[in-house]
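Below is one structure, written out as structure tokens; comments come after it.
Values in this text are rule-based calculations from the coordinates and carry no lab data. As the structure is a computational prediction, the values presented were derived from the model and not from experiment. With ideal geometry, Cβ positions are generated from the backbone for all residues, glycine too; neighbour counts draw on all protein chains shown.
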Amino acid sequence: MTLAPNEQAAIIRTERGLTIAGTRITLYDVMDYVTEHYPSKFIRAMLDLTDEQVNAALSYIAAHRTDVEAEYQLVLKEAEELRQYYEEQNRERIARIAAKPPKPGTEAIRAKLQARRAKLESQA
């Protein structure tokens with residue numbers, strides 16, 4: 001499949017990777033929805049894009065599926081590595097925060113959250 005010239009200019013390479021021109025939205029953001037089989041109207045609404053921008057992104061992905069998928073897998077790997085790094089860096093801090101007593105006046109909402117959490121866990 002060949003792309004029309006205007007579709008080619010709609011996708012540019014920036015320091016963030018393949019990006020929809022005029023936005024900060026990468027094709028990897030779009031790929032998150034494509035891999036979950038969301039319809040283009042949903043993608044458009046979630047990423048606040050025009051029909052033309054979504055169509056250009058989807059056309060580019062379809063035309064360069066292998067390359068885009070390979071880059072997408074690298075992005076996912078890097079994101080997971082960053083998540084693990086920051087989780088490790090903040091583990092002690094999160095534990096300190098969790099050990100603190102609840103703020104006064106939050107007892108009712110905490111009880112409601114605990115009840116909801118217990119209900120969800122019993123359904124799983």
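Things worth noting here:
- Of all residue pairs spaced 6 or more apart or on separate chains, those with beta-carbon atoms under 6 Å, a first member in the range 13-30 that is over 11 Å from Tyr60 (Cβ atoms) and a second member that is assigned to a loop (DSSP other than H, G, I, E, B) are Thr26/Arg16.
- When the range 95-113 is filtered for residues that are in a helix (DSSP H, G or I) and of a type in the set (D, E, K, R), the ones remaining, listed by number, are Arg96, Glu107, Arg110, Lys112.
- Residue that is surrounded by the most Cβ atoms within 10 Å (Cβ to Cβ) [pool: residues in the range 13-57 that are over 17 Å from Glu78 (Cβ atoms) and aromatic (Phe, Trp, Tyr)]: Tyr33
- Ile43, sole failed condition from (1) under 14 Å from the mean Cα position of the chain (by Cα); (2) farther than 30 Å from Ala9 by Cβ: (2)
- The set of residues from the range 12-42 being in a helix (DSSP H, G or I) and basic (Lys, Arg) comprises just one member, Lys41.
- Test: residue in the range 43-54 that is in contact (Cβ under 8 Å) with a residue 40 or more places away in the chain and assigned to a helix (DSSP H, G or I): yes
Rundown of residues vs (1) in contact (Cβ under 8 Å) with a residue 60 or more places away in the chain; (2) more than 30 Å from Ile11 (Cβ to Cβ); (3) out of contact with any strand residue (DSSP E or B) (no Cβ under 7 Å at 6 or more places or on another chain); (4) surrounded by 10 or more Cβ atoms within 10 Å (Cβ to Cβ), yes/no style:
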site: Arg65; (1), (2), (3), (4): no, no, yes, yes
site: Leu82; (1), (2), (3), (4): no, no, yes, yes
site: Glu88; (1), (2), (3), (4): no, yes, yes, no
site: Glu92; (1), (2), (3), (4): no, yes, yes, no
site: Ile97; (1), (2), (3), (4): no, yes, yes, no
site: Lys103; (1), (2), (3), (4): no, yes, yes, no
site: Glu107; (1), (2), (3), (4): no, yes, yes, yes
site: Gln114; (1), (2), (3), (4): no, yes, yes, yes
